[in-house]
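The values are calculated or read from the model by the stated rules, or taken from the named source; none is laboratory data. What you see is a predicted model; the values in this text were computed from it and never measured. Please note: Cβ atoms are built from the backbone with ideal geometry, for glycine as well, and neighbour counts cover all protein chains shown.
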Amino acid sequence: MSAGPRTEFGDLLLAEQDIVVVDTAICVCGHAQEAHEHYRRGSDCALCDCPKFRRKR
């Protein structure tokens, strides 16, 4: 009984549609909260021109 394709070490390979991100805070701009966290002061998005992180409702 096979659960799916495996690596040469026997680890199960997941199909792209099987990978799910759980409990990630998403901004209204569509990017994850991590895109708004920087090593400098500020909360703007590193991936677009969104001026501040605002949780998507």
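Among all residues of segment 9-19, there is none that is at pLDDT 85 or above and hydrophobic (A, V, I, L, M, F, W, C). Exactly one residue out of 27, 50 is of a type outside the set (Asp, Glu), modelled with pLDDT of 90 or more and in contact with a Phe, Trp or Tyr (Cβ under 8 Å, 6 or more places away or on another chain): that is 27.
Residues in segment 21-57 that are in contact with a strand residue (DSSP E or B) (Cβ under 9 Å, 6 or more places away or on another chain), assigned to a loop (DSSP other than H, G, I, E, B) and free of Cβ contacts under 8 Å to residues at least 12 places away in the same chain: 21, 24.
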